[in-house]
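Single-structure report; data block below.
Please treat every number below as a calculation from the coordinates, not as lab data. Note that the structure is predicted; figures quoted are calculated from it, not measured. Here the Cβ positions follow ideal geometry from the backbone for every residue, glycine too, while neighbour counts run over all protein chains shown.
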Amino acid sequence: MIEVHQLAAPESGGTKLSKTDWLDIAVWGRIDKCFQVDTETKALLARASALAKTAKVKASLVLSGSGLLPHGRSYFKSGADRVFLYDHPSLVNDSAETDAILLAHFIPEFKPAVLLATADQRSEAAFVLLSERLRLPYLKTGCDFSLQGARDVVLSESCAGKELIESIQGNRPQLLLVTKGLFSGEWQGGELSEELIVCEIPSKVLESFEAHSGRMI
């Protein structure tokens with residue numbers, strides 16, 4: 001059964017739903033033109049799901065776009081326990097700047113321990129902006145990784161310099177950009193909690209959309 005939570009006021013000081021206490025392994029994902037999770041996201045989420053199962057935490061998928069909700073059930077097929085949707089017409093052609101705004105909203109609201117994304121030009125630009133906004137370092141790697149104590153990223157000994165991983169240790173969340181093609185394959189199945197969270201859009205995104213719409217009239 002899928003639980004759907006509609007967040008009424010994500011930027012207020014009130015109680016929030018689905019707090020994860022810096023435990024989730026979250027993947028910032030992408031969808032294709034058919035509203036399905038793309039290949040790179042599926043592979044990264046499969047790895048995150050395997051790590052989450054071992055650490056006895058949850059794997060989360062975070063998506064943005066327009067018209068996502070009708071496809072919400074299908075996103076669990078990639079191995080996410082929780083799916084967070086930022087679904088709004090303003091996000092049909094979103095950018096690195098918008099990604100950074102959404103992630104800067106997502107992180108304090110839902111508190112993932114680790115946030116993963118596939119490294120490409122847009123994701124790297126978004127992580128630079130996010131790092132500046134939240135004053136959190138991020139690490140880009142082409143190495144496999146595991147979790148220590150359910151919360152700390154540990155890179156494989158064969159390719160990780162100690163100074164690299166130390167750059168993000170102790171931070172919440174730990175931000176990790178993963179080189180394209182590092183992982184392959186898809187989630188192999190298993191029990192999932194299947195919680196769907198529809199997130200309100202941050203005011204900065206709405207204000208920009210409304211201003212642009214006004215100019216188009």
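With all projection directions averaged, the alpha carbon convex hull of region 22-174 covers 8.5 nm². Packing around the peptides 48-58, 88-98, taken as the average count of other Cβ atoms within 10 Å per residue, puts them in this order, highest first: 48-58, 88-98.
By the beta-carbon count within 10 Å of each Cβ, the least crowded to most crowded order of E194, E210, fewest first, is E210, E194. Counting charges near R122 (Lys, Arg +1; Asp, Glu -1) among other residues having Cβ under 11 Å from its Cβ returns a value of -4.
Restricting attention to region 114-152, which trypsin sites (Lys or Arg not before Pro) occupy a DSSP loop and are surrounded by at most 14 other Cβ atoms within 10 Å?
R135
Sorted on the mean count of surrounding Cβ atoms within 10 Å across their residues, most packed first, peptides 111-119, 67-75 read 111-119, 67-75.
So for region 18-216, averaging the separation of alpha carbon pairs under 8 Å that are six or more residues apart and normalising by length, what relative contact order in percent results?
Relative contact order, region 18-216: 29 percent.
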